[in-house]
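The values are calculated or read from the model by the stated rules, or taken from the named source; none is laboratory data. Small disclaimer: the values here were computed from a predicted structure and weren't measured. In this analysis, Cβ positions are derived from the backbone assuming ideal geometry, glycine residues included, and neighbour counts consider all displayed protein chains.
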There are 2 protein chains.
Amino acid sequence: MTLSKFMLGKNNFVALQTDLYQLTMAAGYFNFNRDLIATFEMFIKRMPPNRGYFIACGLEQVVEYLLNLKFKEEEIEFLRKHPSFKNVDQDFFKYLRDFKFNGEVWAVPEGTIIFPDEPIIQITAPIIEAQIIETYLLSVVHIQTLVATKASRVVHAATKDGKKRVVVDFGSRRAHGPQAGILAARASFIGGCDGTSNVYAGMKFNIPTYGTMAHSWIESFDEEKAAFENYFKLFPHLTVLLVDTYDTIKGIEKALKISPKIKAIRLDSGNLLSLSIKAREMLDKAGFSEVKIMASGNLNEYKIEELVKNKAPIDSFGVGTELVTSYDLPAVDLIYKLVQVERNNSIRYIAKFSPNKETLPGKKQVFRFLDENGKYCYDLIELKENSEEKKNAIPLLEKIIERGELVKSLPSLDQIQKNTFNNLESLPNKYKKFENPEKYPVKVSPEIYKIINKLKRRTNGR
Amino acid sequence: MTLSKFMLGKNNFVALQTDLYQLTMAAGYFNFNRDLIATFEMFIKRMPPNRGYFIACGLEQVVEYLLNLKFKEEEIEFLRKHPSFKNVDQDFFKYLRDFKFNGEVWAVPEGTIIFPDEPIIQITAPIIEAQIIETYLLSVVHIQTLVATKASRVVHAATKDGKKRVVVDFGSRRAHGPQAGILAARASFIGGCDGTSNVYAGMKFNIPTYGTMAHSWIESFDEEKAAFENYFKLFPHLTVLLVDTYDTIKGIEKALKISPKIKAIRLDSGNLLSLSIKAREMLDKAGFSEVKIMASGNLNEYKIEELVKNKAPIDSFGVGTELVTSYDLPAVDLIYKLVQVERNNSIRYIAKFSPNKETLPGKKQVFRFLDENGKYCYDLIELKENSEEKKNAIPLLEKIIERGELVKSLPSLDQIQKNTFNNLESLPNKYKKFENPEKYPVKVSPEIYKIINKLKRRTNGR
């Protein structure tokens, strides 16, 4: 099995991009619990009021990390000299030098709709290996899951009566750093966007790249008209004229002097509803009926929904800041929890049951039940060891890595995007409402509750 | 002048981490406006209601980028084959191959308090050079300015009656990607945090690193007591025991059996006020009076302020998600705007004056006026060319790069953190309120308004 060629690149991460305690605990496990096989599951703790579902995203970066993670000599030297490690056996550093992830990974495919408590990724490995990777794994899945989910909402807003308006990610400048811009471009595409302005994301992930022009382009010329003409001279096949630099209506009038072959005009400020209606009239009247209207400027799913509902004749939306920062939900309780440990084939289940911190024990599988029309009805979380095939239900988690080796080809980004579309198509609309959507039913098998009760008795007895 | 040794590294960025339109406009400038010298200024457009000031942060990454930015062969090839560039002269790609930033950079030192409309960074360069860099510059300054500001609020909340409690960044797992975790660790330290859990940030930026233990460490042992004992065996000099895995009070009782030499206990859930009071009592009664109490778990400046106000005996706070994502303000209108262009020594000023999009024309300097006690009174934004030294006022912008070369040594991170402390010390408390703080007075010189009026007349006349 080979990796997709559109990865971030082996050298874009370092082993020390982790929390210090992962490494001190690793040294501790090395001393006391080296033979323990642990299973950790990554899942969202609870659904925030402004989301009805999440789109799982980031597995490709997880896989890339797990297959390539190595400690460089300078990193080991840094740890060796770090005061935290002064009592740690030198053998531990030798272990780090030879570190390789040898575990097993199950995961839901990217683009899968997931709900709280459902494992997105499940890692089974010697406990040191499974522990060290936590921080990086959470960080690549967290941001991408947030942005893919946000993108799916924005695209949903831009789609009405079977007409899907174009949505492009314009957010790189306000993503949380350059790498976040790339991850957000990828996640936006997976969530349903048509492309991105981020050129690197275009090169590395083969995402279609889009661009128009900035106000600075207009302003660099003495006259708006010259700015329009010159751009069209050089880019006659893709000219999108930004018309709001001085006065939007006058800007459109000037655009009408350029050519009916310009691709679009872009509105970036003002009342986008009334301006787009006026612009459409002006364009049509002048015989520019093939010329599209693009809108941008602090857009989000709520504003786009409103524009579309009011029949704003806008053909495409450039969405930036709010998309790439998942502005109304910039973080979610995505956690990575120990669910069982194993030694000599004897399993000990692990769960937390303090208030607001409950977790479900054991290595799990999630089944999604479909109705006769293929729509999602409810999910069932079961222990994996006892789970069997079920009629009308899809098991969500599949094996991706076994003994440290990739055992499943990862899908292309186009395939992932299609998976998102199919998932969303099957999810009833009541779960897609932007605010206070209905709660999708996720059931937990009785045997898991039995284990919880046993664990509770044991803890109380201590 | 040399660069600090704690940079992200030349290879951590690529030229194509930018918006496509920067490069199409660059090709356009190459054709039509190659000789134009442009000045762009980066500033925050307006103050959001939940902030009273911002801490400028990210200049070091800007400098590193500008000194090292190059287009790699594969990047140029990608552009050459990109449909957008099909009419573009081959000379443009030759230009990119030899690209080097040759401009001038003025900036406020990192750790400086800034307000809307005040240039944080000012770039003067041939317009192509000044344009291409926009996306990257915004993205490294935006996230770091947000997080440094957030950190300063959290640290302010943790400081009372002259006692500064320890605050540590624990947020890497929920930062927007691994790189964002590193940038956030840096910015948190600059904003006043004592350290970070991010080991890579520790190695690269020399930030003190902190760590405790996770619930998984406790759970990996059959008994909580064994988990405590074994950790203390290996890390007797820095043991922080996490006591809330099963039952916090019982957890503290077990901690009291370990050793009065443990450094601290950590509370990660429940009512942190009552638990910390109870824990302090138990610790003191058992002769563990040197043992500190650390608190963590979805903390922010509001919760910490409340805890400190109610005299919770907490010595240190681990702050994660809300700090590194700047949760209550995950993005701000940080923009990079053309303020003047120059050709043959003739300057043309540029401003926008459409409603809500007003910008101030011309290359500017900001003066900060101090009262007799050294406290900040108000700021004055002036045209740089006419600005003179002023009594009781500090000019904020200083020259950093000239003709593409560094002309000022960048301060160490410790120096930057001290600059933040000094700035905050001089800012009256009324501007530091967490919600609806008073608006700090920023005046604009009359000559700038004169230019705006002239520009307005000119535009209306067209």
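On the stretch given as segment B:343-357, residues that are in a strand (DSSP E or B), within 33 Å of the chain's Cα centre (by Cα) and either within 9 Å of chain A (Cβ to nearest Cβ) or over 19 Å from B:K450 (Cα atoms) (or both) total 1.
When segment B:174-233 is filtered for residues that are hydroxyl-bearing (S, T, Y), assigned to a helix (DSSP H, G or I) and either within 30 Å of A:R186 (Cα to Cα) or at pLDDT below 95 (or both), the ones remaining, listed by number, are B:S188, B:Y200.
Restricting B:A158, B:A180 to residues that are more than 7 Å from every other protein chain (Cβ to nearest Cβ), buried (at least 24 other Cβ atoms within 10 Å of the Cβ) and not aromatic (F, W, Y) narrows the list to B:A158. Looking across segment B:285-306, the residues that are touching a helix residue (DSSP H, G or I) at 6+ places or on another chain (Cβ under 6 Å) and either in a helix (DSSP H, G or I) or within 14 Å of chain A (Cβ to nearest Cβ) (or both) come down to B:N300, B:E301, B:I304, B:E305. Within the option set A:K254, A:K278, A:K250, being among the basic types (K, R), under 30 Å from B:R457 (Cβ atoms), touching a helix residue (DSSP H, G or I) at 6+ places or on another chain (Cβ under 6 Å) and modelled with pLDDT of 95 or more holds for one residue only, A:K254. Condition check for B:H237 on (1) surrounded by fewer than 21 Cβ atoms within 10 Å (Cβ to Cβ); (2) within 14 Å of chain A (Cβ to nearest Cβ); (3) at pLDDT 95 or above: one failure, at (3).
If I filter segment A:329-352 down to residues being of a type in the set (K, R) and in contact (Cβ under 8 Å) with a residue 12 or more places away in the chain, which single residue comes out as farthest from A:D117 (Cα to Cα)?
From segment A:329-352, those of a type in the set (K, R) are A:337, A:343, A:348, A:352; that's our starting set.
With in contact (Cβ under 8 Å) with a residue 12 or more places away in the chain added as a condition, the list becomes A:337, A:343, A:352.
Values: A:K337: 11, A:R343: 26, A:K352: 13 Å.
Only one residue tops the list, namely A:R343.
So is A:Y29 among the hydroxyl-bearing types (S, T, Y) and facing chain B (nearest Cβ under 9 Å) or not?
Numbers: among the hydroxyl-bearing types (S, T, Y): yes; facing chain B (nearest Cβ under 9 Å): yes.
Spelling it out, A:Y29 is indeed among the hydroxyl-bearing types (S, T, Y) and facing chain B (nearest Cβ under 9 Å).
In the set (1) surrounded by fewer than 18 Cβ atoms within 10 Å (Cβ to Cβ); (2) in the same structural domain as A:R403 (by TED's automatic domain parsing), A:P119 fails one condition alone, (1). Criterion first (surrounded by fewer than 18 Cβ atoms within 10 Å (Cβ to Cβ), within 21 Å of B:N460 (Cβ to Cβ) and hydrophobic (A, V, I, L, M, F, W, C)) does A:A226 satisfy it? Criteria met by A:A226. Selection of segment A:207-221 for residues being of a type outside the set (V, I, T) and closer than 17 Å to B:F40 by Cα yields A:M213, A:A214, A:H215, A:S216, A:W217, A:E219, A:S220, A:F221.
Identify, from the list B:Y449, B:Y431, the residue that is under 30 Å from B:K352 (Cβ atoms), touching a residue at least 24 places away in the same chain (Cβ under 8 Å) and among the hydroxyl-bearing types (S, T, Y). Explain how you work it out, then say what you get.
Numbers: B:Y449 fails: touching a residue at least 24 places away in the same chain (Cβ under 8 Å).
Going through B:Y449, B:Y431 in turn, just one is under 30 Å from B:K352 (Cβ atoms), touching a residue at least 24 places away in the same chain (Cβ under 8 Å) and among the hydroxyl-bearing types (S, T, Y): B:Y431.
Quick one: would you say A:V339 is aliphatic (A, V, I, L, M) and away from chain B (no Cβ under 14 Å)? No: the conditions fail for A:V339. Note on segment A:426-446: among residues that are farther than 12 Å from A:G52 by Cβ and either modelled with pLDDT under 95 or of a type in the set (A, V, I, L, M) (or both), the one that is surrounded by the fewest Cβ atoms within 10 Å (Cβ to Cβ) is A:V444. Residues in segment B:322-331 that are surrounded by fewer than 22 Cβ atoms within 10 Å (Cβ to Cβ) and either of a type outside the set (D, E, K, R) or more than 14 Å from chain A (Cβ to nearest Cβ) (or both): B:Y327, B:L329.
Yes/no matrix, rows are residues, columns are (1) crowded, with 21+ Cβ neighbours inside 10 Å; (2) aliphatic (A, V, I, L, M); (3) assigned by TED's automatic domain parsing to the domain that holds B:W217:
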site: B:V243; (1), (2), (3): yes, yes, yes
site: B:E253; (1), (2), (3): no, no, yes
site: B:G270; (1), (2), (3): no, no, yes
site: B:K303; (1), (2), (3): no, no, yes
site: B:V308; (1), (2), (3): no, yes, yes
site: B:A312; (1), (2), (3): yes, yes, yes
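Tell me, please, whether a residue that is crowded, with 24+ Cβ neighbours inside 10 Å and either part of a helix (DSSP H, G or I) or assigned by TED's automatic domain parsing to the domain that holds B:F367 (or both) can be found in segment B:165-173. Yes, segment B:165-173 contains at least one residue that is crowded, with 24+ Cβ neighbours inside 10 Å and either part of a helix (DSSP H, G or I) or assigned by TED's automatic domain parsing to the domain that holds B:F367 (or both).
Taking only segment B:68-85 into account, find how many residues are among the hydrophobic types (A, V, I, L, M, F, W, C), outside any loop (DSSP other than H, G, I, E, B) and closer than 16 Å to B:Q17 by Cα.
Narrowing segment B:68-85 to residues among the hydrophobic types (A, V, I, L, M, F, W, C): B:69, B:71, B:76, B:78-79, B:85.
Remaining after also requiring outside any loop (DSSP other than H, G, I, E, B): B:76, B:78-79, B:85.
When the remaining residues are screened for being closer than 16 Å to B:Q17 by Cα, the result is B:76, B:78-79.
Matching residues across segment B:68-85 total 3.
From the list B:Y440, B:Y378, the lone residue that is assigned to a loop (DSSP other than H, G, I, E, B), in contact (Cβ under 8 Å) with a residue 12 or more places away in the chain and aromatic (F, W, Y) is B:Y440.
Of all residues in segment B:270-294, those that are closer than 15 Å to B:T239 by Cα have Cβ atoms under 6 Å from Cβ atoms of residues that are basic (K, R), 6 or more apart or on another chain, in B:M294/B:R266. Return the residue satisfying two criteria in turn: it lies in segment B:240-284 and is facing chain A (nearest Cβ under 9 Å) and part of a helix (DSSP H, G or I), and of such residues it is farthest from the chain's Cα centre (by Cα). My answer is B:K250.
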